[in-house]
Structures are given as C-alpha cells and as structure tokens.
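Before any comments, here is the structure.
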Protein chains: 2
Amino acid sequence: MTRTGEFERISRIFAPLSADFPGAFALTDDAAVFAPRAGCELVVTTDTMVAGVHFIGDEPPSAIAAKLLRVNLSDLASMGAAPLAYTLNIALPREIDDEWLEDFASGLAADQATYGIALAGGDSTGTPGPVTLTVTAFGEVEKGRALRRAGARPGDGIYVSGTIGDGALGLLTLRGLLPGLTEAERRALVDRYRFPRPRLELGRRLVGLAHSAIDVSDGLAADLGHILETSRVGAEIESRLVPVSAAAGHALRDDPGLVAMVLGGGDDYELLFSAPAEIEEKVLALATAEVPVTRIGKIDTGSGLRILGEGGAPVHLAKSGWEHR
Amino acid sequence: MTRTGEFERISRIFAPLSADFPGAFALTDDAAVFAPRAGCELVVTTDTMVAGVHFIGDEPPSAIAAKLLRVNLSDLASMGAAPLAYTLNIALPREIDDEWLEDFASGLAADQATYGIALAGGDSTGTPGPVTLTVTAFGEVEKGRALRRAGARPGDGIYVSGTIGDGALGLLTLRGLLPGLTEAERRALVDRYRFPRPRLELGRRLVGLAHSAIDVSDGLAADLGHILETSRVGAEIESRLVPVSAAAGHALRDDPGLVAMVLGGGDDYELLFSAPAEIEEKVLALATAEVPVTRIGKIDTGSGLRILGEGGAPVHLAKSGWEHR
C-alpha cells in the first residue's frame, strides 16, 4: 500500500492524519505495525460506502468521511472495543479534486480527535465508477471479553441506547416525505441520518455486563433478529417502550404507520443489547443525559421476535431491515 | 460488517473461507477478534483493485482473487511478517452472478491453503460502477523487528529475489506487443503477471538480517528509490546483474530497449532488500532452487540511484515506476 502514484498525489493531504500513530510510519512503508495492549485482543471491522448507494453524493465530503468512520466505530462499540486505528481505501473518479479531498480529510481529522483513533495506512486509486470508500477499523478489548451477538439468554432484559428511528426518518426527510415537521425537527432528523453517534463509552461499560450486543444498522427488528438467531432464543418487545426523539414522536403522531420505519428502518447506530434481569438497575444506571438507556422487552425461550403494539396487538413489519443493494 | 442483505446473498459462498479462523465467528458478528502471538506485533496492509484499472476484467475470477490476495501477501513478506488473516470488501455491479463469485471464492480458497491465511470478515455491496475489491491483510512479526524501507546503510549489498521484469513483460505480452517470443515464453510471462509469488518465507528469514526491504510493485528503480529516500542514502546497481527469466532474456535480446520495462515496469512482487556486506554469504545462502537471491549493487553515501548499463554507461529510465491511475 501507499504506493508512488497511487498515494503520492494525496499523501500530502492524508499523511497528517497518521502523525500521532507511530506504527503508520507516516504512510511511507509497505504496511503499518501495531499491537493491542497486553491482555487485549484486536477487534477488526470494515465497511464500504459507494456514492449513490450509501450516500447521496451531494453531501459535504467531510460529512461523508464522518459517516464512513462512524459506522465502523459503531461496530467497535457493539463489540465493547476501544478505538485504536483505521486504514482507508479510496477509489476516486477523475473529477474529484484536491478541494474535495481536503474537506474529506478535515472530516476524518475532526472525528479522529473526537473518538481517539488515527489513520494507520491505506490505498488510493482511480476508478471509472463512483467514489468508493472503505474503512477498516481496529479496536482493542480485554482478551475473551468482546461483546457478541450470540450470548442472549432467556430472561435477559433487552435494551437500546439513545432513540430509534431518527436515521430512517432523516432519510425520508431528505426525500421530502415528512413535510408536516418543523424546520428544526427536519434538521435534527437529517443530522441523525448523516452523523451517527457511535456509542463507544457505553459499549466499553457493557463489557462484563451484557450477554449480547449489536449496533442497530439494519433496523431494530432485523438486528434483534440477528441476536436471536445467533443466540438461538426468542424475544418480545413492546413498541410503546421503544424510545423515540421529539421529532420522530411528531412524525409518528402525524402518521402512526411510520412505526414500521422506526422499528425496521435502520441507520440508527445505537447499541441494542441484552443483560440479565438481576442487573437491570445497574444497566439503567449506565444512562447519561446524552445517551439514555431504555429497556424495551425481554429474551425468552421461544424463537423469533414478537413485537407488541399499542393495546398488546402484534405488529407485523412488511420488511424487517433495510438493504443497501 | 457482514450485514443482512449486504453479505447474506454471498455469505453461503464466503463463510467457508472463514471456517478455520475462530475469531471470524463464521462471519456472523459485527467484527472479528484476534491477536498476534505473545511477543509479536500485527502488520497491516491493504490494497484496492478496480476492474479496468488493475485488471483487464476478462480474467477468470479465481485469477483476480489470487492477484488481490497475493499483492497484499507480498506487502506482508516485505515486512518479514507471517500471514494471519484478511478482510475482504467487494463492490459488485448487478451483472456479477453467483458463478462469478464462486470462482472468485475458489481462487481465495486455493491461496488460503497455499499461504496459510484465513478470511476474518468483510463487507459486500452493490455498485453502479466496476467491480471494486479491497483486501486488508494481517500478519505478525516479532515485536520491533518488522523489516522497513528505512534502514539501508552505506556499504550494504542490494539484493533481489527471483527474476525482475516478467510482470511488466507479461502485460506487454497480453497486449500483443512481444510477438517474437515462443508460445511457452509468452505463457510464462503472462503467468508471472497474473500470479505474483509472495516471497513470504524469504521475508521471514530476512528478519534480523536485512537492513531494509520492500516488495517490487512500482518497479525495481522506483522501489529502490523508496528505500533510498526513506533511508537517506544513495545506491549504484548494475543492470547486467539484475536477474531475468529465460523469457525476459529472449525479449531483451530481440529489443535491448526493453531494459527500461524490466527495471522500471513493476508488478514483479519480488523482494528488494539491503544487508550488510559482512553477511553477503549468509544472505546468498537463503536462495533456493525456486527463489534465487541475487546481489545487484551497493548502498552508498550519495543520494539517488545510479544504474550502470553494459560497459558501465549510465542507464536513464524515462519514467521510474508504473502508475495505476
């Protein structure tokens, strides 16, 4: 990686992002070298984003950078890992100029400072196709203690951080589909869609407490489904318990049918996890003013997910999950 | 990563590639978890390949898979690292069918067995553009002992493994530009272009011996330039000492001007390294029947690279290096 010609044009722009990470060798070697702290393991996750598929393309490049880094950080959070470093692969069409790259790098720099992660290496190339971006993020977690999807047990309480549905409603807002909202509400939802908040601190504090965890990217119902499937258990949640923002609450009052988008829409990047009933108080005490933690249901011995709506009637989602294809 | 919809269609095809790697969790979790052995550090490298830019597109998918994995393995070799695992990101246009993916996966499977590496995770997505592939490879090396570009010292001998120029001449062959060669010679060169041989065992054995190392991907002259620049030294090599294959030798006899392609062409994926003069014998003894090791020149106190041609006249390359953009 970091080849002449492939990376040279942009090394001036990206090398400063590796300045605080000695193992990056200032992006001048064939590879990066680093290790998790003694007693820790490495957690590795990777996501690719394609212009026109995962982002609209007219966002500020710094916003695209933030989303790219944060969806990966959210995966680290869901494993209980602390961020360490990341590599970046960019395939760029000819029309991408230095101004675009500089704004993109400024978005990375801001989030590096916020989340304590550094650029370790990467590769860049031209493409006749759309901007295609890959981040591979590295975190560390105490050996054998990474949070997993598998591990939920009957009797566990099911919890989510933050509020659910804002990401999906933010995308609807961008498409002009929620005209009844106030300007401030629309801005709040779009901001949630564009700028996921990886729940890294909560993830770290769940190590040793949670039986299972995942981040909500496909949608609450689909991601809880992943936990149930890998843990071989069932669950029941109540839709009225699912925490929503003021803006999402307004949208739901205007159109109760939007509950399907809230529960199934995805792009929330909140943590969804289960923990033993006995430690409910301890789990709820992890909530902060900025990151609430809410109990939404219970793991049981059944199979599959049952969602109870208002009055206890079952809710059926037409499609559980959100597919980027 | 490994999301519903993004990875599900193909998880049937790719999950078996992670079967021998427990930390991949059979591609069913948010991230992979692993650690280098005690006393070792992690070496991380990443490369992206785009159809129409890095490969022609009509190769068998298994050959594309082999090149993608091997260019990354070659970077691990150049750092003296032993392969551990890799992640794979694939962005696929609609016309890519399961048959393509299965052949691609079979190429990965074959090389996993050959080189002792396993799939740890990944991401897949659709794209309106060309097939875009990223591998991020992880290796391990004894703490503080990774081979580096920086480290060459005046007096060091300069060595290369294998033969130089076959990759670049292989590409010329594919373009129909070397009609004077025999069919067997053409096949041999194309094979060298398509199937790099990462020199992993030699790289491991150079740990503690070599002062500097790099793999030849941009071209012998350009990559030696990288060593000189990061090591702040100069060098002199003799073109007659640069080892070439029988096929490349034939091409050079037909057209001595091809020496520029041999020294500057790239895509060799041989190791280029320097080591103290005192251990020349020890270094040359690392050669095997399959992987020769040849001394081609010497590091000096100057700056930049001087290439001496036949009769001692300096060789000037129009362009030192090979750019994929």
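The values are calculated or read from the model by the stated rules, or taken from the named source; none is laboratory data. Owing to the predicted nature of the structure, the values given are computational and were not obtained by experimental measurement. Backbone-built Cβ (ideal geometry, glycine too); neighbour counts: all protein chains shown. What goes into the accessible areas is simple: the full protein's heavy atoms, side chains included, and nothing from ligands, DNA or RNA. Shrake-Rupley method; radii C 1.70, N 1.55, O 1.52, S 1.80 Å.
For A:F21, what accessible surface area do you get with a 1.4 Å probe? Give it in Å², rounded to 10.
Near enough 30 Å² of accessible area.
Long-range amide H contacts for A:S212: which residues qualify at under 5 Å (H placed 1.01 Å from N, peptide plane, sequence gap of 5 or more or a different chain)?
The list, which skips near neighbours in sequence, is A:S274.
Would you mind listing the distances between the A:R37 label point and the same position in each other copy? Use 7 Å along Cα-to-C-beta, nm, one decimal, shortest first.
Label-point distances to the other copies, shortest first: 2.6 nm.
Using the Cα centre of the stretch B:8-142 as origin and beta-carbon charges of +1 (Lys, Arg) and -1 (Asp, Glu), tell me which of B:T48, B:A24, B:A82 is placed farthest towards the positive end of the dipole.
Going by the Cα projections, it comes out as B:A82.
Of A:P61, A:P36, A:L119, which is farthest along the charge dipole of the stretch A:8-142 in the positive direction, counting Lys and Arg as +1 and Asp and Glu as -1 at C-beta?
Checking the options against the dipole of the stretch A:8-142, the answer is A:P36.
Over all pairs of distinct alpha carbons, what does the Kirkwood formula give as the hydrodynamic radius of chain A, in Å?
On the way: mean 1/r = 0.0487 Å⁻¹.
After inverting the mean inverse Cα-Cα distance, the result is 20.5 Å.
Can you compute 3J(HN,Hα) from phi for each residue in the stretch A:76-86, using the Karplus curve 6.51 cos²θ - 1.76 cosθ + 1.60 with θ = phi - 60°, rounded to whole Hz and x for Gly and Pro?
For the stretch A:76-86, the Karplus curve yields 4, 4, 5, 9, x, 8, 9, x, 10, 7, 8 Hz.
Would you work out the charge dipole size for the protein assembly as shown about its Cα centre, treating the Cβ of every Lys and Arg as +1 and the Cβ of every Asp and Glu as -1, and quote it to the nearest 20 debye?
That gives the protein assembly as shown a dipole magnitude of about 860 debye.
FRET efficiency for A:R153 and A:R37, Cβ-Cβ distance as r, R0 = 51 Å, nearest 0.05?
0.95
To the nearest 20 debye, what is the magnitude of the charge dipole of the stretch A:1-134 about its Cα centre, counting +1 on the Cβ of each Lys and Arg and -1 on the Cβ of each Asp and Glu?
300
Using r as the Cβ-Cβ distance of B:S303 and B:K143, and R0 as 35 Å, what FRET efficiency do you calculate, to the nearest 0.05?
Given R0 = 35 Å and the Cβ-Cβ separation, E is 0.60.
Would you please give the FRET efficiency between B:E201 and A:R253, computed as 1/(1 + (r/R0)^6) with r the Cβ-Cβ distance and R0 = 51 Å, to the nearest 0.05?
Working from the Cβ atoms, E equals 0.15.
Counting only pairs 8 or more places apart or on different chains, how many lysine pairs in the protein assembly as shown have C-alpha atoms closer than 25 Å?
9
In sequence order, what are the phi-derived ³J(HN,Hα) couplings for the stretch B:143-155 according to the Karplus relation 6.51 cos²θ - 1.76 cosθ + 1.60 with θ = phi - 60°, rounded to whole Hz, with x for glycine and proline?
Along the stretch B:143-155, the couplings run 3, x, 10, 4, 5, 10, 5, 6, x, 5, 10, x, x Hz.
Need one number: nm distance between label points at B:D58 and B:T288, each 7 Å from Cα along Cα→Cβ, rounded to one decimal.
Spacing of the two 7 Å Cα→Cβ label points: 3.6 nm.
Just flag the GluC sites (Glu not before Pro) in the stretch A:253-290 sitting in loop per DSSP whose Cβ has no more than 13 other Cβ atoms within 10 Å.
Loop-located and lightly packed - A:E290.
Cα axis of helix B:183-194 to longest principal axis of chain B: angle in degrees, 0 to 90, nearest 10?
Value to nearest ten degrees: 60.
Summing +1 for each Lys or Arg and -1 for each Asp or Glu, what net charge is found among the other residues whose Cβ lies under 14 Å from the Cβ of B:L68?
On the way: positive: B:K67, B:R70, B:R194; negative: A:D123, B:D47, B:E59, B:D75, B:D103, B:D111, B:D267.
Neighbour charge sum, excluding B:L68 itself: -4.
What does the extension gain come out to for B:L241 and B:D20, with contour length at 0.36 nm per residue minus their alpha carbon separation?
75.2 nm
How big is the charge dipole of chain A about its Cα centre, in debye rounded to the nearest 20, if each Lys and Arg gets +1 on its Cβ and each Asp and Glu gets -1 on its Cβ?
Magnitude of the dipole: close to 760 debye.
What number, rounded to the nearest 500 deg cm²/dmol, is the helix-based mean residue ellipticity at 222 nm of chain B, given -39500 (n - 2.57) per DSSP H run of at least four residues and division by all its residues?
-9500 deg cm²/dmol
For the pairing of chain A with chain B, what total accessible surface becomes buried, with a 1.4 angstrom probe, in square angstrom to the nearest 100? Could you put the intermediate results ahead of the total?
Numbers: alone 14540 and 14560 Å², together 23700 Å².
Roughly 5400 Å² of accessible surface disappears when A and B pair.
So what J values fall out for the stretch A:40-51 if you push phi through Karplus, 6.51 cos²θ - 1.76 cosθ + 1.60 with θ = phi - 60°, rounded to Hz, Gly and Pro as x?
With the stated coefficients, the stretch A:40-51 comes to 10, 10, 8, 10, 10, 9, 8, 9, 10, 10, 10, 4 Hz.
Counting only protein heavy atoms, probe 1.4 Å: which residues of the stretch A:39-57 lose 10 Å² or more of accessible surface in the full assembly compared with their chain by itself?
A:E41, A:L42, A:V43, A:V44, A:T45, A:T46, A:D47, A:T48, A:V50, A:V53, A:H54
Write down the accessible area per residue of the stretch B:157-312 in Å², having rolled a 1.4 Å probe over the full set of protein chains.
Details: 6200 Å² over 156 residues.
In whole numbers, the stretch B:157-312 has 40 Å² accessible per residue.
On C-alpha positions alone, give me the angle between the axis of helix A:220-231 and the longest principal axis of chain A, in degrees, nearest 10.
Approximately 90 degrees, to the nearest ten.
Within the accessible area of chain B, what % is carbon and sulfur when the probe is 1.4 Å and the other protein chains stay in place?
Ligands and nucleic acids excluded, carbon and sulfur reach 52 percent.
Based on the alpha carbon coordinates of the protein assembly as shown, what radius of gyration and maximum Cα-Cα distance (Dmax) apply, in Å?
Rg, Dmax (Cα atoms, Å): 26.4, 94.
How much of A:V53 can a 1.4 Å solvent probe reach, expressed as accessible area in Å² and rounded to 10?
Around 50 Å² of this residue is reachable by solvent.
A:G265's amide H: which non-local residues (gap 5+, or another chain) put their own amide H closer than 5 Å, with H modeled 1.01 Å from N in plane and none for Pro or chain starts?
Hits under the 5 Å cutoff: A:L220.
For the stretch B:8-142, what does the accessible surface come to per residue with a 1.4 Å probe? Please give it in Å². Can you show the working numbers first?
Details: 3850 Å² over 135 residues.
Result: 29 Å² of accessible area for each residue.
Which is farthest toward the positive dipole end of chain A among A:G107, A:L181, A:G297, measuring Cα position about the Cα centre, with Cβ charges +1 (Lys, Arg) and -1 (Asp, Glu)?
A:G297
Using a simple spin-label model with points 7 Å from Cα along the Cα→Cβ vector, what separation in nm is obtained for A:L209 and A:R12?
4.9
In square angstrom, rounded to the nearest 10, how much accessible surface does A:W100 have for a 1.4 Å probe?
40
Would you mind checking which residues have amide H under 5 Å from A:D300's amide H? H placed 1.01 Å from N; only 5 or more apart, or other chain.
A:G155, A:G234, A:A235, A:E236
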